[in-house]
Amino acid sequence: MIELIFAIIVVGILASVAIPRLDRDLRQELIDNILSAIRYTQHLALIDDKTNPYNEKWQMRLWKISFSRSSISNKAFFYTISSDLNQNGSVSKNETAIDPSNGKRMYNSNADTTIQKDESSVVFIGKRFGVNSIDFAGGCARVHHIAFDHYGRPYNGVNKAKNLFAKYMKKDCRITMGFVDTDKKPIKITIHKESGYVTVD
């Protein structure tokens, strides 16, 4: 009888420790998602040299991650990973990256929260994680994207680049993401100039 009581107590202690861990940690999931997306963008840039001294707009073709907010569907945030191959300043679905985990496009064609069958759900950070604000400061203060060259170095404002290395990032890019749930601490991401190294606070 005593052994049974002790067994029940031990099971109760284990359950009290384990059950809280079953809850989703949306903040950590978002950190993992964004870090993975930025590093994937960098990886694509490292293996795909877009430098072309005969084309003054070659920086428009750099692989970049862009953050957007839907004008409909609760104004939810999402991101796109792309290369503007035709250099027209906009991105079509066939210019976007393929999610290696599911073979779908890292793109949102309708700029809303509706996930099309060929679109990866990982980009819908507003819908999935409750992100309701994204602020940019430092080297990316006036843009909502970060591009990388074949050395992994960060660039900004590449849509308006007109000469060699004009948009090379000269300051660290700081991105702050807030949550609908104000109890969650905002995420602060820094993409360091020159190296493109990413840190999170």
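The numbers here are math on the coordinates, done by the rules we state, and not lab data. The structure displayed is predicted, hence computed values, not measured ones. Using ideal geometry, Cβ is built from the backbone for each residue, glycine included, and neighbour counts are taken over all protein chains shown.
Remarks
- Neighbour counts of C-beta atoms inside 10 Å place Arg128, Arg142 in the sequence Arg142, Arg128, starting with the fewest.
- For the listed peptides 162-170, 42-50, a ranking on the average number of other beta carbons within 10 Å per residue, highest first, reads 42-50, 162-170.
- Sequence-distant residues sharing a close amide H with Ala76 (under 5 Å, placed H): Ser70
- Once both labels are positioned 7 Å from their Cα atoms along Cα-to-Cβ, the gap between Glu194 and Tyr54 label points is 3.4 nm.
- Cα-based helix-to-principal-axis angle, 26-47 vs the chain, degrees rounded to 10: 30 degrees
- For the stretch 121-201, the Kirkwood estimate of hydrodynamic radius, built from reciprocal distances between every pair of different alpha carbons, is 13.6 Å.
- Helix 2-18 vs. the chain, principal-axis angle (Cα, 0 to 90°, nearest 10): 20 degrees
- For the stretch 25-200, the fraction of C-alpha pairs farther apart than 28 angstrom is 18 percent.
- Dimensionless Rg over Rh [the stretch 33-137; C-alpha; Kirkwood]: 0.98
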